[in-house]
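Written below as structure tokens is the structure these notes are about.
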Amino acid sequence: MIINGVTIDATFAEAFPMKATRAIITAQNEKWAMISAQAMTGFATSVIACGCEAGIERVLEPSETPDGRPGVSIMIFAMGGKGLAKQLETRAGQCVLTSPTSALFAGIDGGTRIALGKNLRYFGDGFQVSKLIDGKRYWRIPVMDGEFLTEATTAQVDAVGGGNFLVLAESQPQALAACEAAIEEMRKIPNVIMPFPGGVVRSGSKVGSKYASLGASTNDAFCPTLKGMTQTDLSPEIESVMEIVIDGLSKEDIDKAMRVGIQAVCDLGATAGIKRISAGNYGGKLGPFHFHLQEIMA
Amino acid sequence: MSALTFTLKHRPDQRVDMSPLVCQKLADLEFAEIAALTLQNGKRKVRVDELFGMAGSDTQNIVIKNSFNKLDFIGKELEGGRITVEGDAGAYLGLGMKSGEITVSGDVGLYAACEMKKGFLSINGNAGDFLGAALPGNKMGMKGGTILVKGNVGERAGDHMRRGNILIEGNAGDYCGSRMTAGTIAVMGQTGRYLGFAMRRGTLLLWNPPLASARFNDCGAHTLAFLPILFTSFKKLNSKFAEGSASFNRVQRYAGDMSEMGRGEVLVRIS
């Protein structure tokens, strides 16, 4: 398949089941809601070392938030429910409770309930106040700027992590420009996050390593500097490869995000130095969810 | 299916225990069986159809017409369904109510919604003393649900209240919120003496400044983030509480009762 001169490989991306949650952070203005959200989703690019993958889903209008203030919706993904709950609580405590004027609410219903502010209440040292409003429990925790309002719990739901595609370009700036265009479009899709820095990862990995202690290592088949040294997957004109990783609440959500992302890359086309779109295919070893690129773009 | 309607034929001299006529108890009964039920009337037991004219068949939607202030225990331990009272109601309206909805067009007597657990109770007129309170000797009053009173309420509203909302459009009598353990009482009108007497936790939300009390300490003026959420939850009510002009988030906060554990609060609107 070729779109605007860009070859779409007959391959698939592999993804795996995860647990996910969503929270809404509000503040006096969008600036401070975003600061808190960025802190909460920081150092959360990959479950390999961060414990979770997290990202900002979108900015919310005051009319969309529970307390009528500007807000930001964030999502956190982890391999298991226990890990997710721990990450959520730690991050809420260190990044939202501490952030001026912030408030924290559940962003998703159903599923299993996990603690959001339920245990942060103990920071109130006995001065915390509980309010049960319309069946939802809130905690008002006295803090130095007034009160930190948080919902007690949010939901944990089944999700999919690790959807991806690779952008193969003639130069590094062209690969990056294409990824930026893709991310801009993908951020408009609900229920997904692209957890890597700016949504783009340049150090794609393969499963396994020559070092026994490592479960993953550099994806040498896509490293342009190794073209003459390894079983390369790159043609001579490819000088740079970048990857976009997507976590979503469902396979369909990731499908949608991949479609608009790949389309945005293809819109730049071969004249912008984009030669191929491929995907992290590990021969079925990584996970049960398969995203066939050509089917998605059909 | 039309509402099961009980129309009072005459006003008995003695009080009537209406507790058998709740939706869940009538659900599996035939019309004739309901008519043959007996109600305690003073020392006597009287058949339902002796006191009431009956019509309709929907046992989950009960209407009591010509009601007056000696019909006690209406909606006792109601568990689902709706009861509409046209007229006044006696004491113990909605006692221990578990879910469902009760609406009264007139006034209600003592102990309305006392020890209520869940559901919605709307009173268009006034309510007597001990609204949403605990029965004498008991330690736990209302544990959940919402009570809306469009008129005034008597003394000790929310005594020993544990959870839920009591919304009063009119005035509240003395000892409003006394011995509260938690929950919210909102009063748009005036409050009486000894507001929040011995309250431990909970919120008294006032539109007008209360009488000064040495048992509450001033914590200053604040903009509280939970208030917009609380007012949003009132939007579905047919009440002044649902009006946009009723909501506010800037309050003077008083903590008390300091002679008790002092974790309660009186929030007074700053206009």
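Data overview
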quantity: Candidates A:LEU166, A:LEU176, A:LEU149 - the one that is farther than 22 Å from A:ALA78 by Cβ, part of a strand (DSSP E or B) and more than 14 Å from every other protein chain (Cβ to nearest Cβ); calculated: A:LEU166
quantity: Odd one out for B:GLU169 among (1) modelled with pLDDT of 95 or more; (2) within 13 Å of chain A (Cβ to nearest Cβ); calculated: (2)
quantity: Check on A:ALA54, hydrophobic (A, V, I, L, M, F, W, C) and out of contact with any Pro (no Cβ under 8 Å at 6 or more places or on another chain); calculated: no
quantity: Residue check, B:GLU265 among the charged types (D, E, K, R), within 13 Å of another protein chain (Cβ to nearest Cβ) and under 23 Å from B:MET199 (Cβ atoms); calculated: yes
quantity: Those strands (runs of 3 or more DSSP E) lying entirely in the stretch A:1-66 with at least 1 residues at negative phi, at pLDDT 95 or above and small (Gly, Ala, Ser); calculated: A:12-26, A:53-60
quantity: Residue match in the stretch A:274-290 (condition: more than 26 Å from A:ALA20 (Cβ to Cβ), assigned to a helix (DSSP H, G or I) and modelled with pLDDT of 95 or more); calculated: no
quantity: Sole residue being surrounded by 24 or more Cβ atoms within 10 Å (Cβ to Cβ) and assigned by TED's automatic domain parsing to the domain that holds A:ILE8, chosen from A:ALA181, A:ALA177, A:ALA169; calculated: A:ALA169
quantity: Single condition A:GLY117 does not satisfy, out of (1) part of a strand (DSSP E or B); (2) free of Cβ contacts under 8 Å to residues at least 60 places away in the same chain; (3) within 14 Å of chain B (Cβ to nearest Cβ); calculated: (1)
quantity: Residue within the stretch B:99-120 that is in contact (Cβ under 8 Å) with a residue 60 or more places away in the chain and hydrophobic (A, V, I, L, M, F, W, C) present; calculated: no
quantity: Test set (1) touching a residue at least 60 places away in the same chain (Cβ under 8 Å); (2) within 11 Å of another protein chain (Cβ to nearest Cβ); (3) farther than 17 Å from B:ARG263 by Cα - B:THR203 fails condition number; calculated: (3)
quantity: Exclusive hit being among the polar types (S, T, N, Q) and more than 23 Å from A:GLY126 (Cα to Cα), set B:SER259, B:SER239; calculated: B:SER239
quantity: Unmet requirement for B:VAL187, which otherwise passes all of (1) within 13 Å of another protein chain (Cβ to nearest Cβ); (2) crowded, with 19+ Cβ neighbours inside 10 Å; calculated: (1)
quantity: Residues located in the stretch B:206-231, provided they are away from chain A (no Cβ under 14 Å), over 24 Å from B:LYS139 (Cβ atoms), surrounded by fewer than 21 Cβ atoms within 10 Å (Cβ to Cβ) and touching a Ser or Thr at 6+ places or on another chain (Cβ under 8 Å); calculated: B:ASN208, B:LEU211
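The values are calculated or read from the model by the stated rules, or taken from the named source; none is laboratory data. The shown structure was predicted, so the numbers you read here are calculated from the model rather than taken from an experiment. Every residue, glycine as well, gets a Cβ built from its backbone with ideal geometry; the counts of neighbours run over all protein chains shown.
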